[in-house]
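Every number in this text was worked out from the coordinates using simple rules, so none of it is lab data. Keep in mind that this is a model prediction, so the values were computed, not measured. Don't worry about glycine lacking a Cβ; one is built from the backbone with ideal geometry, like all the others, and counts go over all protein chains shown.
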Amino acid sequence: MKLTIKYTLLLVFFQLGIGHAQKKRSSSPNYTIIFHYAGKKKLPDTVWMHSIPNGKFWENEKNTKYWAVKKNDSVFTLQLPKLKAPLSVTFRATTDHNSSEIHSPYALYYAENNDDVHLNVYKPKINTGGDSVVFSGTGATKYSLVDRVIDYYRITPPPLYANNRVVEHKDQLDSTSLEKKFSEFAEIINQRSKARSNLIFGQSKQISNNIKKLIDYNTPDPSIEYWGPFVQSYYDPIPYNSNYKKLFSTLLDKYMIWQWKNTDALCLLSPMFFTKLENGFINTKLKVGSPNNKISLVNYYNEVKKFSNNPQIRERALSEFFMNSSFNDIGNYSVAIYDSLVIDASKYMISTSGKDIIFQKLNFTKGKKMFDGDFIDLNGKLLNTSSLKGKVFMLEAWGEGCGGCAVFHKAFDKEIWPKLKNNKDFIVLSVFSGSTKEGWKRGIESGLYTDDAYLNVAVLNGGMMKHPFFMHYRVNYNPFTLLIDKDGNILANIVPGMSMDTILKLINSELIFDLTK
């Protein structure tokens, strides 16, 4: 089976042109980044490229940073090693310890050997969430194409869901008028999808067809992105009406079509493809017609599992489900059900990476004894997690610059902490996963990731990836959160998108259970 996987990936690389003998010796990719900021915007201190070699956001230990050399205040140069396959990358800069993408937040580019690209970076004329970048040089066409596709996506959406509110009263949305809206909306999406496809595949021959397919997989698409807001406008606000919601579900099945029916192995190199599939297409479809607009965890999992009969694609889809899916819309989340799905998924994991995910998740099943670890407290003393026995606690690992950590902390601090902060039987063990005291101090002072009322500790000395606790659990990402009972056993691993209501119920169930012992 391992030979089959290797053969499949080699075939992908061969299709991309990697396997062909080259008449001209290839060179590694080179970049020159030139900043043309005007006014008060400060020039960056450092510039780097963040890479995603296997197209998997969660593989932090493999997602290498390549640092640029600063030639002067406004010019940086960067060289990659020779590549065996197209490499998904983003360009980032740091100014006064604040990291940001140089380009659009949506943009993921594909680096190839022989690229010799100049990035001329300008302050955006409008607030687009990133700088304005002009690419030039050898290989620049495919980078510019990514930006053109994203700019096309930014075209003002159809006015059918302006302000995400339904203008008509629900009684006016009979079967005829609702289908008319679906039909009109689907026609707009079809037109824009065709225009987007022509933009990608009608480009010059300087871009290989397979790179175009990767750009297609890896960039926002109206056929996926626009349906979510449509549902929010014409489905979510309507009071529960079984006939209306059944009609809406039928029409959505009719008009919302997944365009990548004949997906090939190239999608394995696309970090965004499976996010669009799961958090976009499948999530939206399942949400409609379900009780209280919440979806079943089991139904969600089964839809992901049956997406493809290709063993590699199915494994990757299931891996994304456990590592990158958002569970915001899951109703009646059950730790026992989640654990049973982990066991079921183990049958479909055929690569080392897939098996590692299952191994990790099985280590987090309810009732498992937590592996105790030593951390450094604010006084420089060691704190072992075994010392917390007798308390229900939440171990929350965070890192400076981690957006997901900031989002989680903000929600937890607002919705849960006020209800538990006076409970002497509950503790938040806030773990800084970085390697420097300076970063830890900045993170605490910012208030973005932790609170002075938490028990603040740190990893330091090499960071998360060299710490025995995180090495034991094979965890190399933030945020990472575990709930632990008073006996030092795992209650739950907090998965992405788990609602604060669910987390509070899990904590309270243990606190209340302990009172009944």
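When the helices in the chain are scored as -39500 (n - 2.57) per DSSP H run of 4 or longer and the sum is shared across all residues, what 222 nm value do you end up with, to the nearest 500 deg cm²/dmol?
Computed mean residue ellipticity for the chain: -11000 deg cm²/dmol.
Run through the DSSP bridge list for the chain and note the antiparallel percent, rounded to the nearest 5.
Numbers: 46 of 64 bridges.
Counting DSSP beta bridges with both partners in the chain, the antiparallel share is about 70 percent.
If the reach is capped at under 16 angstrom between alpha carbons, list the lysines near K123, excluding any in the same chain fewer than eight residues apart.
Cross-link targets: K40, K41, K42.
Sorting check: for 64-77, 303-316, 377-390, 184-197, which peptide has the highest mean count of neighbouring beta carbons within 10 Å, and how do the rest follow?
Numbers: 64-77: 14.2, 303-316: 18.1, 377-390: 12.4, 184-197: 16.1.
Packing proxy ranking, top to bottom: 303-316, 184-197, 64-77, 377-390.
Using alpha carbon coordinates only, what is the Rg to Rh ratio of the chain, with Rh defined as the Kirkwood radius? Numbers along the way, then the final one.
Numbers: Rg = 24.5 Å, Rh = 25.3 Å.
Rounded to two decimals, Rg/Rh equals 0.97.
Once you order the gyration tensor axes a ≥ b ≥ c over the Cα atoms, which shape class does region 27-151 get: rounded for a/c under 1.5, otherwise prolate or oblate by comparing a/b with b/c?
Working: a/c = 1.41, a/b = 1.37, b/c = 1.03.
In terms of gyration-tensor shape, rounded.
Hey, rough spin-label estimate for K306 and S386, points 7 angstrom out along Cα→Cβ, what's it come to in nanometres?
4.9 nm
Restricting things to alpha carbons, find the Rg to Rh ratio for region 388-517 using the Kirkwood radius for Rh. Provide the component values of the computation, followed by the final result.
On the way: Rg = 14.3 Å, Rh = 15.0 Å.
Radius of gyration over Kirkwood radius for region 388-517 works out to 0.95.
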